[in-house]
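Asks: Right, I'll just put the structure down here and ask away after.
The values are calculated or read from the model by the stated rules, or taken from the named source; none is laboratory data. As the structure is a prediction and not an experimental result, all values here were calculated from the model. Methodologically, a virtual Cβ is constructed for each residue, glycine included, from the backbone with ideal geometry; neighbour enumeration extends over all protein chains shown. Each accessible area value is taken on the protein alone, full model and side chains, heavy atoms only, with ligands, DNA and RNA left out. Shrake-Rupley method; radii C 1.70, N 1.55, O 1.52, S 1.80 Å.
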Amino acid sequence: MYEHDVIVVGAGGAGLRAAIAAQEAGADVAMVSKLHPVRSHTGAAEGGINAALRDADSWEDHAYDTMKGSDYLGDAPAVEALCKESPEEVIRLEHWGMPFSREDDGRVSQRPFGGLSFPRTTYAGAETGHQMLHTMYEQVVKRGITVYDEWHVMDLAVTDEDDPADRTCHGVVGYDIQTGEVSGFRANNGVILATGGMGQVFDHTTNAVANTGDGVAMAYRAGVPMEDMEFIQFHPTTLPSTGVLISEGVRGEGGILYNSEGERFMFEHGYANNDGELASRDVVSRAELTEVNEGRGIEDEYVHLDMRHLGEERILDRLENILHLAEDFEGADGLTEPMPVKPGQHYAMGGIETNEHGETVIDGLYAAGECACASVHGANRLGGNALPELIVFGKRAGRHAAGEDMGEAEIETGRSGEWEPADYEFEVEVGETGGRGPAAADGGAVATDADGVLAAAVDRASERVETLLARSGRNHAEIRSKVQKTMTDNVNVFREEPGLKETLFDLREAREEYKDVAVSDPSRTFNTDLIHTMETRNILDIAEALTMGALARREFRGAHWRKENQIRDDENWLKHTLVSWNDGEPELWYKPVILEGENKVYEPKNRSY
Amino acid sequence: MSTQIPQQTDESGETETEPEAASKGEERRAEKRRRAAQERERRQAEEAEKAAADEETVELKVFRYDPEIEGKQEPRFDTFHVPFTKGMTVLDALMYSRDTYDSSLTFRHSCRQAVCGSDAMFVNGGQKLACKTQISDLEQPVRVEPLPHADVRKDLVVDMEHFYEQMEAVEPYFQTNEYPDGELEEQRQTRENREKVKMSTRCIWCSACMSSCNIAAGDNEYLGPAAINKAYRFAMDEREGEEIKQKRLEIIEQEHGVWRCQTQFSCTEVCPKDIPLTEHIQELKREAVKNNLKFW
């Protein structure tokens, strides 16, 4: 057993920032991560970090753009915290030595990004995430923060109480990938989940293979509601064969999208007459797919992104990384030819429900970064808003977990405030994957003291590992690919009811198959077969919650397009979708969105670009 | 496991003066680009030829070893035949083999876009990132082995601890005493200075360079190209200031530091991010001399 004040699960941008903040607040911190920190997917972020740094800009404008971008499904207290604190956080990164791109006067450069009313995106070439990840890991090394790398966290150790709001998280159960050891990690003050994205739910994604949403699924099964899971961002410019991301920075610098007829379709077909290529991501993604569906795609699959006219010097200065990616992964030379691009899964706006301090409904359990939903992105995240989210909410969660008084939160979690049950009936049975004994949140044996809870969780996890290793049965890979395929077929950029129902049915089938899953590699050393098998359950749970949300939300908002419901319905749907895991099955309910900020109310307006 | 050491003979030589090193580095990178362009043309021509033919397969010979499992305790090579698809990388072929034929096949990988640095391997006798190495660029059968000069944990997974320790030995974090007044004021850095350190900041810690380095193979304490490059990244950053630069030079000038480098260029040759590692090492040697530090 290991013991620390604060345990951070995941070591990407949010996890590193949380660990630093908790350590600065006086806590003994440890990070537990299935990848070594520098391998985290934050390193793949390209575009930049939004922050109102200049006199002509203001955090209020940033907040306005973010609320509008979110299609009025962001919660104002979280959005305002993000926009107010991102300038100081960006400057802090600079003070930690982050190599930002520079202006002639030596100041940090800023560039335009989609949906922003001011060029407020700070960046380091087209490798901003890489530089940010390494800069923060350097600070973790400097501070001597303990890192347990290549440990897969299997589960949370949470007390048994009927109401999730009465539960306490005392730590996590980790599996040492190198040796096969299962061990408890006791957290005296708090556990912070910072496990990042869940892109592996889909088969065409910019996300890393490791992005299986482990933290989201763990929190879900422990009883924390999942918020707004149906809002998945599809990035308009990913390489068709691999899903590798081509930064929005290309369009920010002036890159142009063309269809097979050579038309600049964003304008010529009227998708965004003012902002063109720089309309927000949901708008551009739909425009591209519409072009393809109407026969104006190239090879019936993609469109062209052209940056040649920017000139070699500017491209090398600001977008060099893009040249390498296009060349290595698509064989296209961005200096002499346009690059093929199509939409791909990129970011999950929804996730673990938290308030603006990173707290979840379970005492001692926090979440920050992409796995969390505070909610700052609402129905659609603006480019350049993910990296400030990591540092602002990573910091807030770290401080709070370390015991700093941050005042009362304005966002309520769980069913403590106004909420309403959903009236939606699903035609297929949902929930229950099997492969796990009685769990705290599932009404298992009662354990309430920290050691007892942790010991029970470790026993359960060990038993699960033994069972998976001992028996024979199905391979996880076929189940995983079935999930990814049905999600990509039906829960993609365009969604319609029959397809969503079909996916729910396919997921039910995949769940049945998962009950027979087994690991064929018997080794205790670096058993990736076992890790992938456990990840597959996470993917299943997340896919189901996501599809339930998508089916229930009968309107068109932000990234969530529904064929049957082509309007944004503020009267009925200005509310968050929540899915809670209760006694082994998911339950759907809603809570209102908070549009009231510190000094103003963000009145919903039509979103036009 | 293989203990082959790729010999880089054409570029080896004595310590060079700066302009030569720089122009040679330029030439080498230009050559690399030319070769890549030629390769691409060749690949496309081949592709067109093969398009007419029936399904082709790729033959992989993959190193297997697991100290725990009977039958795998003696290292061996397994052969996998993978249906070829356009754009297939070594990583794609390995994943296909694992997911289709043998789920115990073990390797590290994550981002699939050459930025996480976890899938450096020894492919057909060279250190490569599996995710950015196109199968169509390789002779068949494609031989995939773990990185040389590191302990093998299992199959293609090597122990990275030593590499991480060397990285941490150079105090790999920004240090300065002077900050601008005002909380929201950034330090100023000239565009030129950022350009100077830019390449060095691209390191993804894949350890391909360390694995390719003959000197590191023979001297376990040698800091190695990646760690020295990390020191360069800070020593050359004007924001750190002179006093701290001196301290950095002392770290890299120790007995197992920069002077061990014999400019064989193998690190530069294998770096998947095209970082001119050898040049950075040479530049630090020169800085050390300018600062009257001692020679070893």
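Asks: Residues in segment A:228-282 that are open to solvent by 10 Å² or more (accessible area, probe 1.4 Å) and of a type in the set (Ser, Thr, Tyr): how many?
Replies: Looking only at that region, the number is 5.
Asks: For segment A:94-114, give me each residue that is assigned to a loop (DSSP other than H, G, I, E, B) and either modelled with pLDDT of 95 or more or within 7 Å of chain B (Cβ to nearest Cβ) (or both).
Replies: A:Trp96, A:Gly97, A:Met98, A:Pro99, A:Phe100, A:Ser101, A:Glu103, A:Asp104, A:Asp105, A:Gly106, A:Arg107, A:Ser109
Asks: Could you pull out the residue among B:His280, B:His256 that is more than 14 Å from chain A (Cβ to nearest Cβ), in a loop (DSSP other than H, G, I, E, B) and within 22 Å of the chain's Cα centre (by Cα)?
Replies: None of the others qualify; the one that does is B:His256.
Asks: Still on this model: Going residue by residue through segment A:68-75, is there one that turns out to be within 11 Å of chain B (Cβ to nearest Cβ), of a type in the set (Lys, Arg), in contact (Cβ under 8 Å) with a residue 12 or more places away in the chain and surrounded by fewer than 24 Cβ atoms within 10 Å (Cβ to Cβ)?
Replies: Within segment A:68-75 (the criterion being within 11 Å of chain B (Cβ to nearest Cβ), of a type in the set (Lys, Arg), in contact (Cβ under 8 Å) with a residue 12 or more places away in the chain and surrounded by fewer than 24 Cβ atoms within 10 Å (Cβ to Cβ)), the answer is no, since none of the residues qualifies.
Asks: What number of residues within segment A:250-271 are of a type outside the set (Val, Ile, Thr) and touching a residue at least 24 places away in the same chain (Cβ under 8 Å)?
Replies: 12
Asks: If you scan segment B:174-211, which residues turn out to be assigned to a helix (DSSP H, G or I) and either within 8 Å of chain A (Cβ to nearest Cβ) or open to solvent by 50 Å² or more (accessible area, probe 1.4 Å) (or both)?
Replies: Within segment B:174-211, B:Arg191, B:Glu192, B:Arg194, B:Glu195, B:Lys196, B:Val197, B:Lys198, B:Thr201, B:Arg202 meet the criteria.
Asks: OK, next. Of (1) at pLDDT 95 or above; (2) more than 25 Å from B:Asp137 (Cβ to Cβ), A:Arg318 satisfies all except one. Which?
Replies: Here A:Arg318 meets the rest and fails (1).
Asks: Of all the residues that make up segment A:57-89, how many are assigned to a loop (DSSP other than H, G, I, E, B) and either closer than 21 Å to A:Val283 by Cα or among the hydrophobic types (A, V, I, L, M, F, W, C) (or both)?
Replies: So the answer is 5.
Asks: Could you please tell me which pairs satisfy a Cβ distance under 9 Å, a separation of 6+ or placement on different chains, a first residue in segment B:192-216 that is farther than 15 Å from A:Met132 by Cα, and a second residue that is of a type in the set (Asp, Glu) and modelled with pLDDT under 95?
Replies: What qualifies is B:Glu195/A:Asp317.
Asks: Could you please find all residues in segment A:544-594 being closer than 21 Å to A:Lys485 by Cα, in a strand (DSSP E or B) and open to solvent by 10 Å² or more (accessible area, probe 1.4 Å)?
Replies: Across segment A:544-594, the qualifying residue is only A:Trp561.
Asks: Any residue in segment B:252-275 that is open to solvent by less than 30 Å² (accessible area, probe 1.4 Å) sitting within a Cβ distance under 6 Å of a residue that is of a type in the set (Lys, Arg) and in a helix (DSSP H, G or I)? List the pairs, counting only those 6 or more apart or interchain.
Replies: Listed pairs, sorted by first residue: B:Val258/B:Lys285; B:Ile275/B:Arg202.
Asks: Could you tell me how many of the residues in segment B:114-129 are open to solvent by less than 10 Å² (accessible area, probe 1.4 Å) and at the interface with chain A (Cβ under 7 Å from one of its Cβ atoms)?
Replies: Looking only at that region, the number is 3.
Asks: Does B:Leu105 fit the bill of being open to solvent by less than 20 Å² (accessible area, probe 1.4 Å) and either of a type in the set (Val, Ile, Thr) or at the interface with another protein chain (Cβ under 10 Å from one of its Cβ atoms) (or both)?
Replies: Yes.
Asks: Which of the residues that make up segment B:137-149 are open to solvent by 20 Å² or more (accessible area, probe 1.4 Å) and within 14 Å of chain A (Cβ to nearest Cβ)?
Replies: B:Asp137
Asks: Could you grab me the full set of residues in segment B:150-173 that are under 17 Å from A:Pro37 (Cβ atoms) and either away from chain A (no Cβ under 13 Å) or assigned to a helix (DSSP H, G or I) (or both)?
Replies: Those that are under 17 Å from A:Pro37 (Cβ atoms) and either away from chain A (no Cβ under 13 Å) or assigned to a helix (DSSP H, G or I) (or both): B:Glu161, B:Phe163, B:Tyr164, B:Glu165, B:Gln166, B:Met167, B:Glu168.
Asks: Follow-up. Suppose we keep only residues that are of a type in the set (Lys, Arg) and within 21 Å of A:Glu230 (Cβ to Cβ) within segment A:499-518. Which one would you say is surrounded by the most Cβ atoms within 10 Å (Cβ to Cβ)?
Replies: A:Arg511
Asks: Among the residues of segment A:519-528, is there at least one that is crowded, with 24+ Cβ neighbours inside 10 Å and either under 30 Å from A:Met67 (Cα atoms) or within 24 Å of the chain's Cα centre (by Cα) (or both)?
Replies: Yes: segment A:519-528 contains one or more residues that are crowded, with 24+ Cβ neighbours inside 10 Å and either under 30 Å from A:Met67 (Cα atoms) or within 24 Å of the chain's Cα centre (by Cα) (or both).
Asks: Shifting gears a bit: Is it the case, given these coordinates, that A:Glu404 is outside any helix (DSSP H, G or I), at pLDDT 90 or above, under 27 Å from the mean Cα position of the chain (by Cα) and more than 19 Å from A:Val361 (Cβ to Cβ)?
Replies: When the stated conditions are applied, A:Glu404 passes them.
Asks: Looking at (1) at the interface with chain A (Cβ under 8 Å from one of its Cβ atoms); (2) within 20 Å of A:Thr525 (Cα to Cα); (3) in contact (Cβ under 8 Å) with a residue 24 or more places away in the chain, which is the one condition that is false for B:Ser110?
Replies: Among (1) at the interface with chain A (Cβ under 8 Å from one of its Cβ atoms); (2) within 20 Å of A:Thr525 (Cα to Cα); (3) in contact (Cβ under 8 Å) with a residue 24 or more places away in the chain, the lone unmet condition for B:Ser110 is (3).
Asks: Name the strands (runs of 3 or more DSSP E) wholly within segment A:118-217 that hold at least 2 residues that are within 14 Å of chain B (Cβ to nearest Cβ) and open to solvent by 10 Å² or more (accessible area, probe 1.4 Å)?
Replies: A:146-149
Asks: If you don't mind, there's one more thing I want to ask. Can you say whether A:Leu82 is within 12 Å of another protein chain (Cβ to nearest Cβ), aliphatic (A, V, I, L, M) and in contact (Cβ under 8 Å) with a residue 24 or more places away in the chain, as far as the supplied structure shows?
Replies: In short, no.
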